[in-house]
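The values are calculated or read from the model by the stated rules, or taken from the named source; none is laboratory data. Bear in mind the structure is a predicted one, so any value in this text is a computation, not a measurement. Note that each Cβ is placed from the backbone with ideal geometry, even for glycine, and that neighbours are counted across all protein chains shown.
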Amino acid sequence: MSIMTVSVDDSILERILQHKREEVVATRRRLPLREIKERLKDMLSSPPPQRRDFAAALRLPGQVALIAEVKRQSPSRGIIQADFNPAATVQAYQDAGVDAISILTDRRFFGGAPEYLGAARSITNLPLLRKDFIITEYQIYETRMLGADAVLLLAGVLKGNALGEFIGLARSLGMEALVETRTPEEIRQALDSGALIIGINNRDLRTFQVDIGVTADLIKYIDQPGTIVVSESGIKTRADVQQLGNCGVDAVLVGEALMASGDQRQGVARLRGVTALPRKEQCGLEDSRGVAGV
Ligand SMILES: O=P(O)(O)OC[C@@H](O)[C@@H](O)c1c[nH]c2ccccc12
């Protein structure tokens, strides 16, 4: 199996990919692919694999769907949440009614862990996206074993036939791929590779600049009817979501703004334009303003 080469040099992305290549070698030594395939055989042969439909969750007529991300830290921001608790965060997202959950599993740069996927799976039935840097087919089998419903693939990293092959492999295992892009060329490549869900990343991984105008500029290149468009990164306010909705995106992917908000349920409510959540202490019987029951 080949390990993909990278188009961007001398960047944080290149450093991440360099580390990822070493990490995958070590992981495969501990758990060989044939062992994963063996485990998947049992999982896949038991009656219809109950995958939660990630694509369907993002297609909400007249509404922008929300993918909420579990993210402890990032190279651009450092630690986002000091008292990070992935299980509590997943629970809060589920309670707040998000449409899907993205889980960062990269340890070194994002403070994630593959185990967070299994932990999330035991808490929620929402579709789960594995966010990592996928450079080998091995990681796609691993993603399925970890309990994800979808996998992030970077068009800028998977050159040649790799992108199409990886999308096909994910589907054959009952998952869908979110293909992330940043240029018109990468969007073309994603469409030619058969991508159903295309992400436009508003963050430049070389400069860390974020600009949601990137989505507005690039969305016109996604000219294949039926493609689901996700705007990723730097989305902070209800106004941002509205603006992106007006541009025609189907979904937004939000990490930092929710993780840094202290209360993730309130954070989701703010993005959705709900001013306050119906929390017991605000609208319950003990409300001293006497509006209970109204
Ligand atoms: O935290 P933000 O700015 O809301 O961004 C979330 C997500 O888009 C970002 O984490 C991301 C986008 N593409 C990635 C690729 C790998 C790791 C992380 C990412």
Problem set entry | Total residues in the range 212-256, condition free of Cβ contacts under 8 Å to residues at least 40 places away in the same chain, assigned to a strand (DSSP E or B) and buried (at least 24 other Cβ atoms within 10 Å of the Cβ) | 1
Problem set entry | In the range 257-271, the residues that are surrounded by fewer than 17 Cβ atoms within 10 Å (Cβ to Cβ) and more than 15 Å from the ligand (Cβ to nearest atom) | 262, 263
Seminar exercise, completed: Reported set for the range 174-191 where residues are surrounded by fewer than 19 Cβ atoms within 10 Å (Cβ to Cβ) and more than 17 Å from residue 249 (Cβ to Cβ) is 174, 183, 185, 188
For this session: Output the number of the condition that residue 143 fails; it satisfies all remaining conditions of (1) closer than 17 Å to residue 194 by Cα; (2) within 16 Å of the ligand (Cβ to nearest atom); (3) among the hydroxyl-bearing types (Ser, Thr, Tyr).
Result: (1)
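I need a count of the residues in the range 173-207 that are under 24 Å from residue 77 (Cα atoms), in contact with an Asp or Glu (Cβ under 9 Å, 6 or more places away or on another chain) and more than 12 Å from the ligand (Cβ to nearest atom).
Number satisfying all stated conditions: 1.
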Exercise. Out of curiosity, is residue 12 modelled with pLDDT under 95 and touching a Pro at 6+ places or on another chain (Cβ under 7 Å)?
Worked result: yes
Problem set entry | Count of the range 208-233 residues which are farther than 25 Å from residue 62 by Cα and away from the ligand (no atom under 14 Å from the Cβ) | 0
Seminar exercise, completed: Only one of (1) more than 12 Å from the ligand (Cβ to nearest atom); (2) farther than 21 Å from residue 173 by Cα; (3) over 15 Å from the mean Cα position of the chain (by Cα) does not apply to residue 135, and that is (2)
Exercise. Is there a residue in the range 81-102 that is under 22 Å from residue 19 (Cα atoms) and modelled with pLDDT of 95 or more?
Worked result: yes
Problem set entry | Where residue 63 falls short, out of the listed (1) of a type in the set (S, T, N, Q); (2) at pLDDT 80 or above; (3) within 26 Å of residue 158 (Cα to Cα) | (3)
